[in-house]
Amino acid sequence: MSTKNRRDAIKTMALGAGLSLVSPFSLMACKSEEKKKDKLGVALVGLGYYSTDLLAPALQQTEHCYLAGIVTGTPSKAEAWKAKYNIPDKNIYNYEQFDRIKDNPDIDVVYIVLPPSMHMEYTIRAAKAGKHVWCEKPMAVSVEECQAMIDTCKANNVTLSIGYRLQHEPNTQAFQEIVKNEKLGKVLGLDCAAGYRENRTDHWKQKREMGGGVIYDMGVYSIQGARLGANMEPVAVTYAKVYTERPEIYKDGLGEVVEAVLEFPNGAIGNIKTTFFENVNFLNIRCEDGTIEMAPFQAYAGNKGKSPLGEINFPYQVPWQQANQMDQDAMAIMENRPLLVPGEEGLRDIRIVEAILESAETGQRVVI
């Protein structure tokens, strides 16, 4: 089956099951005065694993956007990508030249795939260059940085979307639809865990100054699972613990494992865990009339689940998630429609991250 047919089939299955393909967390995309295009040109900023193994291959499958350019500080990577993807010299930038991207009509969107500590800088620079911004999670390392990113994009009349691939995919939308419409009654509580065994020891994920620590990386998945699973925003963190099983790697209090208890407005409790020490990947949503069990709930493929209403399983192959995400975001920009995952969504998660860290440090309940 072709990529297009597979995408259409999944969409048809989702619609046939009565699933909503529009998130409740959306913001009207900013109006664009640029000339109408059939496809948007995307420049990837940062050519690490996620760009190399997932985004670039996905951009060979997308229907509404394509790989137009790259930004890298490594000349050898630039040459390899140029040859592999036939990228013209004029669309290849290093970080010092980045701002010249404003004069390049081939590039409509800048996708920031850098360590979290660099997200704000390059979002702001891209926005001032008049380019729409897709930013990988976590959005940034503080609420203040997130807000500055949102404000700058609005001021420059460009859109800002966060790379939460799961909000675009049908298995996630399926459990959201059950909860939103109370098909199993009200949510009583939930448990969510996301993590893997991270064996690198000198990556940005082990460096506090670069936005490292598990809470900013895998932690966002647990927070998203809790928020989407409850269909509510938590009002407080009642308990949190940050620790490490390998203090020789995660030093000076940097969290390798984080556990937290979230309190929701109706009294429901969300127990979340995130870790770089072990492989965990599940979301259990306890409702009045049964439990929704998703396992795995945040993989690149193979997400599935079950509930008393039946199986949840819309299959696809890697990197369909990323292609689907980018196509949906590109169409929203071109058609001036609401973005599925705007910057405000990323800010919500970082506000919760900060509350979790404060609760862990003080031992107190922290209102969000």
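See the values below:
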quantity: Residue within the stretch 67-85 that is under 16 Å from D329 (Cβ atoms) and modelled with pLDDT of 95 or more present; calculated: yes
quantity: Yes/no for A127 being small (G, A, S) and either in contact with a His (Cβ under 7 Å, 6 or more places away or on another chain) or farther than 30 Å from E354 by Cα (or both); calculated: no
quantity: Index of the failed condition, A127 passing every other in (1) assigned to a helix (DSSP H, G or I); (2) open to solvent by 10 Å² or more (accessible area, probe 1.4 Å); (3) without any contact (Cβ under 8 Å) to a residue 60 or more places away in the chain; (4) under 20 Å from Y95 (Cα atoms); calculated: (2)
quantity: Any hit, the stretch 267-279, residues being open to solvent by 20 Å² or more (accessible area, probe 1.4 Å), among the polar types (S, T, N, Q) and in contact with a strand residue (DSSP E or B) (Cβ under 6 Å, 6 or more places away or on another chain); calculated: yes
quantity: Sole exception among (1) touching a residue at least 24 places away in the same chain (Cβ under 8 Å); (2) assigned to a helix (DSSP H, G or I); (3) not aliphatic (A, V, I, L, M) for D217, by number; calculated: (2)
quantity: The lone exception for E345 - which of (1) farther than 25 Å from K183 by Cβ; (2) within 15 Å of the chain's Cα centre (by Cα) it fails; calculated: (1)
quantity: Candidate set from the stretch 60-77 (those that are open to solvent by 10 Å² or more (accessible area, probe 1.4 Å) and of a type outside the set (S, T, N, Q)); member that is farthest from Y111 (Cα to Cα); calculated: P75
quantity: In the stretch 22-59, residue surrounded by the most Cβ atoms within 10 Å (Cβ to Cβ) [restricted to those that are at negative phi, modelled with pLDDT of 50 or more and in a loop (DSSP other than H, G, I, E, B)]; calculated: L59
quantity: Checklist (1) within 23 Å of L44 (Cβ to Cβ); (2) open to solvent by 30 Å² or more (accessible area, probe 1.4 Å); (3) in contact with a Cys (Cβ under 8 Å, 6 or more places away or on another chain) applied to V141, failing item; calculated: (3)
quantity: Scan of the stretch 193-215 for residues that are among the hydrophobic types (A, V, I, L, M, F, W, C) and over 15 Å from V257 (Cα atoms), ordered by number; calculated: W204, M210
quantity: Qualifying positions in the stretch 180-197 - acidic (D, E) and surrounded by 15 or more Cβ atoms within 10 Å (Cβ to Cβ); calculated: D191
quantity: Qualifying residue in the stretch 220-239 (condition: open to solvent by less than 10 Å² (accessible area, probe 1.4 Å) and more than 20 Å from the chain's Cα centre (by Cα)); calculated: yes
quantity: Count of residues meeting criterion [open to solvent by 60 Å² or more (accessible area, probe 1.4 Å) and either hydroxyl-bearing (S, T, Y) or farther than 13 Å from V179 by Cβ (or both)] in the stretch 294-312; calculated: 5
quantity: Positions within the stretch 264-294 being closer than 16 Å to R365 by Cα and in contact (Cβ under 8 Å) with a residue 60 or more places away in the chain, in sequence order; calculated: F264, A268, I269, G270, N271, I272
quantity: From K131, K137, K183, residue being in contact with a strand residue (DSSP E or B) (Cβ under 7 Å, 6 or more places away or on another chain), closer than 24 Å to Q224 by Cα and basic (K, R); calculated: K137
quantity: Filter pass, R246 being surrounded by fewer than 24 Cβ atoms within 10 Å (Cβ to Cβ), in contact with a Phe, Trp or Tyr (Cβ under 8 Å, 6 or more places away or on another chain) and either at pLDDT 95 or above or part of a loop (DSSP other than H, G, I, E, B) (or both); calculated: yes
quantity: In the stretch 89-117, the residues that are more than 25 Å from T159 (Cβ to Cβ), free of Cβ contacts under 8 Å to residues at least 12 places away in the same chain and either touching a strand residue (DSSP E or B) at 6+ places or on another chain (Cβ under 7 Å) or in a loop (DSSP other than H, G, I, E, B) (or both); calculated: E96
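Yes/no matrix, rows are residues, columns are (1) at pLDDT 95 or above; (2) out of contact with any helix residue (DSSP H, G or I) (no Cβ under 8 Å at 6 or more places or on another chain); (3) outside any loop (DSSP other than H, G, I, E, B):
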| position | (1), (2), (3) |
| --- | --- |
| G302 | yes, yes, no |
| Q321 | yes, no, yes |
| I352 | yes, no, yes |
| A355 | yes, yes, yes |
| S359 | yes, yes, yes |
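The values are calculated or read from the model by the stated rules, or taken from the named source; none is laboratory data. Note that the structure is a prediction, hence the values are computed from the model and not measured. As a convention, Cβ positions derive from the backbone with ideal geometry for all residues, glycine included, and neighbour counts pool all protein chains shown. Surface areas here come from the heavy atoms of the whole protein model, side chains and all, with no ligands, DNA or RNA. Shrake-Rupley method; radii C 1.70, N 1.55, O 1.52, S 1.80 Å.
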